[in-house]
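What follows is a set of notes on a single structure, which appears directly below.
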């Protein structure tokens, strides 16, 4: 089962993609995605209901968050009320260990994204401040990466024993599916996704044209 | 180009706009944008920028020009851009567009827009709402 784990809609301040247009694009382009996860910036969108689109287009549409920490951006899957009340999602400098601990405690799953990004990614921060305990999984393929960044992510994740997943980081419709994650398990809801991420039984995949 | 000729998924021809210093200077003169950061690399670097920048509204002009070359006579009802990173002059930029939705009732199309740097970083993203002649 293949999911794009990192997408933004018009709910994000810099997102310009309507969720239904993502669905139309996936079907028109016959992308090999079974669904996608909306990871809006610095918030959790608790109110939007996309079940009618799931039914109409036969896609799994899940909701998560992209929060910001002192070690770069982090995707959080399985956000619930306890986690939302654990720290301020709107802050741009949440301590990474605190975010990881809160996610664990609340039954969610937190993983740094685009860790190979120059100056602002997790591994750039590691160089300056040292590694952080508790990181176990990172986004090794990101659709917004430039040449060299994902390669660094894969290399560093391998050296540190981190599992790696993929996501497009799409902010406009036509970028969805550039990168994704291939799971062994079937995933129908956010609990399934958190469970599947915990098993480590998944692989990052890319469908960028030049690399396909 | 007529509305009937447009399909979801269509891609606009890729363009590489002229970002040479004379062209930027000409545009700044015409637009009355007299700022050193647009025409002087050293002045821009002194401000902490990677080099002289393509003015934001000029990059929006590049996108509009691409749409009009693709669909002569069309009307752009809305263009919405997000500036995500610097675009440096005298470098090769790549502009892309793709039709992401069509509406048979309004006979309009929504278009994704991007401008990427030489190294592949997307500096500008955006969308446009377009109707067609005929």
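Throughout, read-outs are computed from the coordinates displayed, never taken from laboratory work. Keep in mind the model is a prediction, meaning the values are calculated, not measured. For neighbour counting, all protein chains shown are included, and Cβ atoms are generated from backbone atoms with ideal geometry for every residue, glycine included.
Some points to look at:
- From the options B:79, B:67, residue that is within 12 Å of chain A (Cβ to nearest Cβ) and touching a residue at least 24 places away in the same chain (Cβ under 8 Å): B:79
- Subset of segment B:21-34 that is more than 17 Å from the chain's Cα centre (by Cα) and free of Cβ contacts under 8 Å to residues at least 12 places away in the same chain - its residue that is surrounded by the fewest Cβ atoms within 10 Å (Cβ to Cβ): B:32
- Qualifying residue in segment A:16-31 (condition: out of contact with any helix residue (DSSP H, G or I) (no Cβ under 9 Å at 6 or more places or on another chain) and closer than 22 Å to residue A:204 by Cβ): yes
The rows are residues; the columns are (1) farther than 27 Å from residue A:89 by Cα; (2) touching a residue at least 12 places away in the same chain (Cβ under 8 Å); (3) part of a helix (DSSP H, G or I).
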residue: A:5; (1), (2), (3): no, yes, no
residue: A:20; (1), (2), (3): no, yes, yes
residue: A:37; (1), (2), (3): no, yes, no
residue: A:47; (1), (2), (3): no, no, no
residue: A:56; (1), (2), (3): yes, yes, yes
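- Taking the listed residues A:65, A:86, the one that is free of Cβ contacts under 8 Å to residues at least 24 places away in the same chain, crowded, with 17+ Cβ neighbours inside 10 Å and away from every other protein chain (no Cβ under 14 Å) is A:86, with no other qualifying.
- Screening residue B:51 against (1) over 19 Å from residue A:21 (Cβ atoms); (2) within 14 Å of chain A (Cβ to nearest Cβ); (3) touching a helix residue (DSSP H, G or I) at 6+ places or on another chain (Cβ under 7 Å) leaves a single unmet condition, (2).
- Criterion violated by residue B:40 - all others in (1) more than 25 Å from residue A:13 (Cα to Cα); (2) within 14 Å of another protein chain (Cβ to nearest Cβ) satisfied: (2)
- Annotation for segment A:71-81: at least one member residue is outside any loop (DSSP other than H, G, I, E, B), without any contact (Cβ under 8 Å) to a residue 40 or more places away in the chain and over 22 Å from residue A:163 (Cβ atoms).
- Looking across segment B:96-132 at every residue that is in contact with a strand residue (DSSP E or B) (Cβ under 8 Å, 6 or more places away or on another chain) and more than 13 Å from chain A (Cβ to nearest Cβ), the one that is surrounded by the most Cβ atoms within 10 Å (Cβ to Cβ) is identified as B:130.
- Complete set of residues in segment A:133-161 that are over 15 Å from the mean Cα position of the chain (by Cα) and over 23 Å from residue B:115 (Cβ atoms): A:133, A:134, A:151, A:152, A:154, A:155, A:156, A:157, A:158, A:159, A:160, A:161
- When residue A:167 is tested against the conditions (1) farther than 27 Å from residue A:84 by Cβ; (2) away from chain B (no Cβ under 14 Å); (3) under 15 Å from the mean Cα position of the chain (by Cα), the lone failure is (1).
- Check on residue A:33, part of a strand (DSSP E or B) and either over 17 Å from residue A:166 (Cβ atoms) or in contact (Cβ under 8 Å) with a residue 12 or more places away in the chain (or both): no
- Of all residues in segment A:12-45, those that are within 17 Å of the chain's Cα centre (by Cα) and either within 20 Å of residue B:98 (Cβ to Cβ) or more than 14 Å from chain B (Cβ to nearest Cβ) (or both) total 18.
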